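S.K.: Take a look at this one; I'll ask things after.
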């Protein structure tokens with residue numbers, strides 16, 4: 001079986017046709033949803049890109065993988081989805097980026113250039129097309145076509161509305177994948193890591209005018225100043241995260257985001273066509289998700305940050321041609337950490353012990369199977385303080401208080417800040433996270449649920465073993481001593 005693993009950077013979980021969006025057109029994603037399973041309440045575990053991807057690739061919550069920022073190294077020795085694919089006999093090949101920095105313990109000296117940035121390649125992947133943050137390969141391609149493109153990825157992307165869609169960044173990646181696919185035998189594994197619909201908010205070619213801003217709805221407004229958590233207030237004061245206050249400007253920004261969504265859907269259509277021409281569509285497992293979401297003006301914010309669900313609710317599609325569950329929608333809470341265990345199941349491999357997520361296979365078979373009642377995600381903002389005085393951090397725990405964790409249930413959302421403050425929202429009363437829960441008993445239950453979640457998911461690779469003479473034959477298969485040694489090597 002072939003495996004097509006797709007990430008669409010910064011893709012909100014409610015912004016495509018199959019999810020019920022009234023305006024955005026996504027025929028390719030809608031088709032894949034009809035032919036597979038749509039995870040309606042699917043959440044990433046962190047933001048921004050590196051932390052979100054670390055959770056996705058390793059199946060581990062941020063509190064365990066400890067990638068807390070763009071720039072945090074990925075600890076060596078962790079298992080991941082590429083290494084899993086290799087154990088299944090594939091040569092997993094990357095198109096795009098993975099944003100995983102090198103563990104300094106694996107560096108070739110202090111001057112190793114891989115220590116200068118965080119956009120390295122996840123261990124285990126071969127590279128079909130590498131697009132680092134500079135997007136250098138694409139920019140060079142544009143210049144070869146006669147376009148005067150400024151240096152830097154953001155200026156190049158802002159010019160996308162002024163160039164034909166076939167020269168877009170997403171189009172460039174799609175073409176390189178299609179060329180690679182022509183040279184492959186059956187049994188391939190490709191990870192297509194698209195940057196779009198990540199900002200800047202500028203859709204390619206005709207997609208920039210596909211949506212009339214006058215047709216676009218306005219976002220959820222922020223609560224009154226005296227009801228905001230200080231972190232929310234700080235974010236609203238930052239130019240990079242504050243949404244436009246002019247309604248027309250806000251509608252235009254949203255229209256461009258919708259255009260970027262439709263354009264990357266168009267490029268995915270080209271991918272599907274290429275696979276179908278080979279006669280392999282019915283032999284291809286397709287997994288589509290995102291590293292994190294996008295505020296898109298909700299609560300007065302853009303980009304991805306904080307505790308509101310728009311930054312973490314992401315697209316989740318799983319299409320296995322061997323399955324009989326085509327067109328199924330799962331309304332239970334699913335998480336990106338579940339995808340690695342589910343992939344292991346699909347490839348007939350053991351689920352790595354490190355995984356905090358669980359295989360979705362029971363839910364695919366029975367939507368009423370025992371399952372979690374809440375989704376969880378974390379946001380760590382210590383990176384804004386690290387440059388202050390790094391020499392004192394080993395003795396000073398101040399950085400460890402710059403984070404938050406969220407537990408999201410059906411009727412309540414609880415946000416615990418590491419400084420001891422909290423927010424608790426009554427979702428039964430108001431789904432928009434603008435009404436706080438004032439019932440002490442409900443707040444206590446929500447806080448206890450999060451505490452139990454943290455206790456349950458402490459790392460356990462070696463903790464469920466005892467070194468004693470009776471150990472042979474006692475260990476469950478996925479706790480075998482040989483397996484642990486292999487994973488750590």
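S.K.: Go through 243, 274 for me and flag whichever is over 25 Å from residue 316 (Cβ atoms), in contact with a helix residue (DSSP H, G or I) (Cβ under 7 Å, 6 or more places away or on another chain) and crowded, with 18+ Cβ neighbours inside 10 Å.
M.R.: Testing whether each residue is over 25 Å from residue 316 (Cβ atoms), in contact with a helix residue (DSSP H, G or I) (Cβ under 7 Å, 6 or more places away or on another chain) and crowded, with 18+ Cβ neighbours inside 10 Å leaves just 243.
S.K.: In this structure, is residue 285 assigned to a strand (DSSP E or B), in contact (Cβ under 8 Å) with a residue 24 or more places away in the chain and crowded, with 20+ Cβ neighbours inside 10 Å?
M.R.: Yes; evaluated as a whole, the condition is true for this residue.
S.K.: To continue, here is another question. Residue 41 - would you say it is more than 30 Å from residue 214 (Cβ to Cβ), part of a helix (DSSP H, G or I) and either in the same structural domain as residue 340 (by TED's automatic domain parsing) or touching a strand residue (DSSP E or B) at 6+ places or on another chain (Cβ under 9 Å) (or both)?
M.R.: Judged against the criteria, residue 41 is not a match.
S.K.: Test of understanding: among 378, 350, which residue is farther than 24 Å from residue 446 by Cα, in contact with a helix residue (DSSP H, G or I) (Cβ under 9 Å, 6 or more places away or on another chain) and not in a helix (DSSP H, G or I)?
M.R.: Being farther than 24 Å from residue 446 by Cα, in contact with a helix residue (DSSP H, G or I) (Cβ under 9 Å, 6 or more places away or on another chain) and not in a helix (DSSP H, G or I) holds for just one of 378, 350, which is 350.
S.K.: Are any of the residues in the stretch 107-121 at pLDDT 95 or above and under 25 Å from residue 458 (Cβ atoms)? Step through it out loud before you land on a result.
M.R.: Of the stretch 107-121, the ones at pLDDT 95 or above are 121.
So of that shortlist, the ones also under 25 Å from residue 458 (Cβ atoms) come out as none.
No, the stretch 107-121 has no match at all.
S.K.: Follow-up. Could you list, in sequence order, all residues of the stretch 423-444 that are in contact (Cβ under 8 Å) with a residue 24 or more places away in the chain and either surrounded by fewer than 16 Cβ atoms within 10 Å (Cβ to Cβ) or outside any helix (DSSP H, G or I) (or both)?
M.R.: 423, 432, 433, 434, 436, 437
S.K.: Still on this model: Sort through 183, 196, 158, 228 and tell me the only one that's more than 26 Å from residue 98 (Cα to Cα) and at pLDDT 95 or above.
M.R.: Being more than 26 Å from residue 98 (Cα to Cα) and at pLDDT 95 or above holds for just one of 183, 196, 158, 228, which is 228.
S.K.: Looking at the structure I just gave you, is residue 233 closer than 18 Å to residue 10 by Cα, in a helix (DSSP H, G or I) and out of contact with any strand residue (DSSP E or B) (no Cβ under 6 Å at 6 or more places or on another chain)?
M.R.: So residue 233 fails the test.
S.K.: For the stretch 356-363, indicate whether the set of residues that are touching a residue at least 60 places away in the same chain (Cβ under 8 Å), out of contact with any strand residue (DSSP E or B) (no Cβ under 7 Å at 6 or more places or on another chain) and outside any strand (DSSP E or B) is non-empty.
M.R.: Among the residues of the stretch 356-363, at least one is touching a residue at least 60 places away in the same chain (Cβ under 8 Å), out of contact with any strand residue (DSSP E or B) (no Cβ under 7 Å at 6 or more places or on another chain) and outside any strand (DSSP E or B), which makes the answer yes.
S.K.: Sticking with this structure for a sec: Just to check your reading of the model, which residue among 252, 193 is crowded, with 16+ Cβ neighbours inside 10 Å, touching a residue at least 24 places away in the same chain (Cβ under 8 Å) and in contact with a strand residue (DSSP E or B) (Cβ under 6 Å, 6 or more places away or on another chain)?
M.R.: 193
The values are calculated or read from the model by the stated rules, or taken from the named source; none is laboratory data. Keep in mind the model is a prediction, meaning the values are calculated, not measured. Glycine also receives a Cβ, built like all others from the backbone with ideal geometry; neighbour counts cover every protein chain displayed.
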